[in-house]
1. Quick check on region 31-48. Is at least one of its residues among the β-branched types (Val, Ile, Thr) and farther than 19 Å from HIS201 by Cα?
2. Looking at the structure I just gave you, is GLY131 outside any loop (DSSP other than H, G, I, E, B), modelled with pLDDT of 95 or more and exposed (fewer than 15 other Cβ atoms within 10 Å of the Cβ)?
3. Report, by residue number, each residue of region 158-172 that is assigned to a loop (DSSP other than H, G, I, E, B) and either in contact with a Pro (Cβ under 7 Å, 6 or more places away or on another chain) or buried (at least 17 other Cβ atoms within 10 Å of the Cβ) (or both).
4. Could you list, in sequence order, all residues of region 54-74 that are touching a residue at least 12 places away in the same chain (Cβ under 8 Å) and surrounded by 17 or more Cβ atoms within 10 Å (Cβ to Cβ)?
5. I'd like to check something: does region 184-204 contain any residue that is crowded, with 20+ Cβ neighbours inside 10 Å and among the acidic types (Asp, Glu)?
6. Where in region 27-125 are there strands (runs of 3 or more DSSP E), lying wholly inside it, with at least 3 residues that are modelled with pLDDT of 95 or more and of a type in the set (Phe, Trp, Tyr)?
7. Six or more apart or on different chains, Cβ under 9 Å: which pairs go from a residue in region 133-149 that's within 14 Å of GLY112 (Cα to Cα) to one that's part of a helix (DSSP H, G or I) and basic (Lys, Arg)? Could you list them?
8. For the list (1) free of Cβ contacts under 8 Å to residues at least 60 places away in the same chain; (2) part of a helix (DSSP H, G or I), I need the number of the one condition that VAL175 fails.
Amino acid sequence: MLELSVQTLSKRYGPRRVLSDLDLEARPGRVLVITGPNGTGKSTLLRCLAGLERPTSGRVEWHQEGRLWGAAERRAGIGFLSPELALYEELTGRENLQLFARLRGRDPAAAGLEALLERVGLGGREDDPSGDYSSGMRQRLKWAFALLGDPPALLLDEPGVTLDARGFATAAGLVREAAGRGRLIVLATNDTRETELGDEHLVLG
């Protein structure tokens, strides 16, 4: 079983303290929703959990079957969705996803990309340049990045941003499906529709 443990985590940028002595735990099959005013460190916390930023102090530990994950296991085992994720606009949706698969050490030909693009609602548009996508379509492609390889953990930063009602329903369904399949999910948001997806809640600030 996968477990996430955060112990007395603090993060500073120069003199500015963003997170202070934070403790949390997360378990598979549950959605932990993190809320709080802008600037209280929601996105920073998710980047620390993903290993994309190093805490100033404290510890982030991922354990699976009693074994501590290293950096390579975090890269393979965490699906990360963030507004900060940049797309290559000259590449098609399919090509962006193929590139991301290679960066994660996966064979694009065996990664089920067609089914994944269909699943997030990009079927029929996968060969269009992502620069021609609407903001909602770009968010759907970011969802495909997060779900690539069916990772056991999902870290979702504002997963419904820019999505219309139909797109949000798709995203909410993906969250519920992942939780039902025993995935560990941490979701950062201030959208009340997304907070309702949570089984547990942590308020920052």
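The values are calculated or read from the model by the stated rules, or taken from the named source; none is laboratory data. This is a predicted model, so every value here is computed, not measured. No Cβ is skipped: glycine too gets one built from the backbone with ideal geometry, and neighbour counts run over all protein chains shown.
1. Looking through region 31-48, none of the residues is among the β-branched types (Val, Ile, Thr) and farther than 19 Å from HIS201 by Cα.
2. So GLY131 fits the description; yes.
3. Scanning region 158-172 gives GLU158, PRO159, GLY160, VAL161, LEU163.
4. PRO55, GLY58, VAL60, TRP62, ARG74
5. Yes, region 184-204 contains at least one residue that is crowded, with 20+ Cβ neighbours inside 10 Å and among the acidic types (Asp, Glu).
6. none
7. Within 9 Å, the pairs are ALA144/ARG119; LEU147/ARG119.
8. It fails just one condition, (1).
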